[in-house]
Amino acid sequence: MEAAVVFLPLLGAVIAGLFGRVIGDRLAQLVTCTLLVAAAIVAWWLFYDIALMGNARTVEIGTWIQVGGFDLDWALRMDQLTAVMLIVVTTVSAVVHVYSVGYMHHDSSIPRFFSYLSLFTFFMLMLVTADNFIQMFLGWEGVGLASYLLIGFWYDRPSANAAAIKAFVVNRVGDFGFALGIFGAFVLFDSVRFDEVFAAVPGHADATFTFLSWQVPAITTIALLLFVGAMGKSAQLLLHTWLPDAMEGPTPVSALIHAATMVTAGVFMVCRLSPIFEYSETALAVVAVVGASTAFFAATVGLTQTDIKRVIAYSTCSQLGYMFFAAGVSAYPAAMFHLTTHAFFKALLFLGAGSVIHAMSDEQDMRRMGGIWRMIPMTYAYMWIGSLALAGIGIPGVFGFAGFYSKDIVLEAAWASHGWVGGFAFWMGIAAAIMTAFYSWRLLFLTFHGAPRCDEKTLAHVHESPKVMILPLLVLAAGSVLAGAIGYESFVGHGMEQFWGESILVLGQHNSIEAAHHAPFWVKVLPLVVGLVGIALAWVMYIAKPGLADSVATALRPLYLLSYNKWYFDEIYDRIFVRPAFVLGRALWKSGDGAVIDGVGPDGIADATLRLSRRASALQSGYLYHYAFAMLIGVVVFVTGYIYVQAG
């Protein structure tokens, strides 16, 4: 059963990828969707057995690496942390597969698309079931490869190719740090197996190594290098620039990769490696500050974007920041709780946006939408549910949408951790919460309300998506409504310790979640209040007084441009890294490879041979007396040489 949940998607990827042209589009869809649904069913059974019944275990598949004294098995680590990720990955992936049957029905490469989706799911499952660093790294790189293929799926579009390359390159920066962290862990602990490394961490808490004559704390260095990998994969500030451009891929790809699975790999990795991070206050502080800064930054950018998918993409970036600063204050269960609820409502929003795009004849600009809520009522309802969950709306003590429970415990844990790091994360999170509510309802109002702003031809074709696209959203909507209330006690409540078992380590002095339960009332209610304020502000600016938004943008034009241009990170990186890299590359190409290597090497030899050949051919004049004279000169040379040798 444990192996089936991992390898069923791989089987689907192989069948659709290698035999797609033979079996046809429909059968490729049927095979991959069936196998993913089966994997999801197995994952839920494993969740019940492992997380709820406490039957954690490790399943060995076989020997993987055996070099000298280094032996490594391929093993599936089935503990509570893995069980949570299994249901998230397989459930969302199964929904996306079924949804894609309708969304991609006009595409000419359906088997290839479904093969890529299943391949990505396999690598993600391999990542979350890893029992050692090497296996995790293989899954880590695998999802990077699959994301490159999916983002650039429409390879005939230059923008899609550029986005895929950008995602690949930016992730390589983070992955280099991740690889260095793995090397450091192996050097320090002489092992890459998680159990052996975690057991050895306390004994090396004060270990140092020498770097350029400095004594550097080993655990902190390893943790920070590993976190660099998480920053790249989870699109944290400074390594976030690939995520919005990745919206060039098909919308189901956005839902699967950039809402619920790949971008959460960094959060999962930090939680999995909590036994390492817990022994470095510096590393935890860096994780919290970067996460809080990302939550605030991405929310500010989401305020002004006009592409419906980019708004949701920056929302994803912001919510990932919440998860990271939760992990940074040692509230790993809260981070995983928000990861789980976020997977449902953000995938719902992305697929709902895909339904809007489908209805609007592939239009993605919200400025060309409006007035369509009566024409696509189911999509409209689902978008409301996703937005309510994202904004964290609920009635304290009665009921709330999923984000109401998970976002609140993240903010409460940040406040309860005290210190400047927790305070910074809390207030950045509060600021991001009001902006989240604002841009969520800005999206709803611009997309569905007001007078239609599209042309008459597009408006005439607006229609609800087919059932194969609408019905799968019901699963995500149910999770967006119920996941928070159902999971609260087990994930972060009184049953937390029993639920998580030994899969997460939190040292006694870092137990911020326990302190969060005793936070004052104003801390608990403030996220809801600012969320309602953000909704009300959006209603005033886009419904009550539609021209107010333009007036505010004009009055605050420098801030508006800063937000609209994404804080100019792309322009800055282009000036600092991209252009110099092109200049250096061209110089090495022309001056190094062209002038030196080719000039002296192949081209130089060929040119010299050609010149000598031309000069030799000039001797062939066709006159007999020229040849006789040359023969005479030759005889003289030979005789002179002979006499010189004899005389010597």
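A few comments on the model shown:
- Among the residues examined, Phe521 does not qualify as in contact (Cβ under 8 Å) with a residue 24 or more places away in the chain and either surrounded by fewer than 19 Cβ atoms within 10 Å (Cβ to Cβ) or under 28 Å from Phe277 (Cβ atoms) (or both).
- Residues that are open to solvent by less than 10 Å² (accessible area, probe 1.4 Å) and touching a Ser or Thr at 6+ places or on another chain (Cβ under 7 Å) within segment 295-308 comprise Ala295, Ala298, Ala299, Val301, Gly302, Ile308, listed in sequence order.
Rundown of residues vs (1) open to solvent by 70 Å² or more (accessible area, probe 1.4 Å); (2) over 16 Å from Met124 (Cβ atoms); (3) of a type in the set (Phe, Trp, Tyr), yes/no style:
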residue	(1), (2), (3)
Val5	no, no, no
Arg21	yes, yes, no
Leu27	yes, yes, no
Thr34	yes, yes, no
Val42	no, no, no
Asp49	no, yes, no
Gly68	yes, yes, no
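Here is a yes/no grid of residues against (1) in contact (Cβ under 8 Å) with a residue 24 or more places away in the chain; (2) part of a helix (DSSP H, G or I); (3) farther than 26 Å from Gly229 by Cα; (4) within 13 Å of the chain's Cα centre (by Cα):
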position: Val92; (1), (2), (3), (4): yes, yes, no, no
position: Tyr99; (1), (2), (3), (4): yes, yes, yes, no
position: Ser115; (1), (2), (3), (4): yes, yes, yes, no
position: Met136; (1), (2), (3), (4): yes, yes, no, no
position: Leu149; (1), (2), (3), (4): yes, yes, no, no
position: Phe153; (1), (2), (3), (4): yes, no, no, no
position: Ser159; (1), (2), (3), (4): yes, yes, no, no
position: Ala162; (1), (2), (3), (4): yes, yes, no, no
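One line per residue, one yes/no per condition, for (1) open to solvent by 80 Å² or more (accessible area, probe 1.4 Å); (2) farther than 26 Å from Arg368 by Cβ:
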residue	(1), (2)
Ala485	no, yes
Val506	no, yes
Ala515	no, yes
Val533	no, yes
Ala538	no, no
Thr554	yes, no
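- Residues of segment 401-433 that are open to solvent by 30 Å² or more (accessible area, probe 1.4 Å), aromatic (Phe, Trp, Tyr) and assigned to a helix (DSSP H, G or I): Tyr405, Trp415, Trp420, Phe424, Trp427.
- Residues that are free of Cβ contacts under 8 Å to residues at least 24 places away in the same chain and open to solvent by less than 80 Å² (accessible area, probe 1.4 Å) do not occur anywhere in segment 178-186.
- Lone qualifier among Tyr573, Tyr560 - being in contact with a helix residue (DSSP H, G or I) (Cβ under 8 Å, 6 or more places away or on another chain), within 30 Å of Val170 (Cα to Cα) and surrounded by 10 or more Cβ atoms within 10 Å (Cβ to Cβ): Tyr560
- In segment 309-364, the qualifying residues are those that are modelled with pLDDT under 90 and among the charged types (D, E, K, R), and the one that is surrounded by the fewest Cβ atoms within 10 Å (Cβ to Cβ) is Asp362.
Each row is one residue, and each column tells you yes or no for (1) modelled with pLDDT under 90; (2) farther than 21 Å from Trp567 by Cα.
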position: Val216; (1), (2): yes, yes
position: Ala223; (1), (2): no, yes
position: Pro244; (1), (2): yes, no
position: Gly249; (1), (2): yes, yes
position: Leu256; (1), (2): yes, yes
position: Met262; (1), (2): yes, yes
position: Pro275; (1), (2): no, yes
position: Glu281; (1), (2): no, yes
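- Given (1) exposed (fewer than 11 other Cβ atoms within 10 Å of the Cβ); (2) touching a strand residue (DSSP E or B) at 6+ places or on another chain (Cβ under 8 Å), number of the condition Val583 does not satisfy: (2)
- Close pairs from segment 551-569: first farther than 11 Å from Thr300 by Cα and at pLDDT below 95, partner open to solvent by 60 Å² or more (accessible area, probe 1.4 Å) and in a helix (DSSP H, G or I), Cβ under 7 Å, at least 6 apart: Ala553/Tyr560
- Identity of the residue in segment 431-461, among the hydrophobic types (A, V, I, L, M, F, W, C) and at pLDDT below 90, that ends up farthest from Val410 (Cα to Cα): Ala460
The values are calculated or read from the model by the stated rules, or taken from the named source; none is laboratory data. These numbers were taken from a predicted model, which means no experiment stands behind them. Cβ sites come from the backbone with ideal geometry, for glycine too, and all protein chains shown count toward neighbours. The protein model used for the area step is the full one, side chains on, heavy atoms only, and it has no ligands, DNA or RNA in it. Shrake-Rupley method; radii C 1.70, N 1.55, O 1.52, S 1.80 Å.
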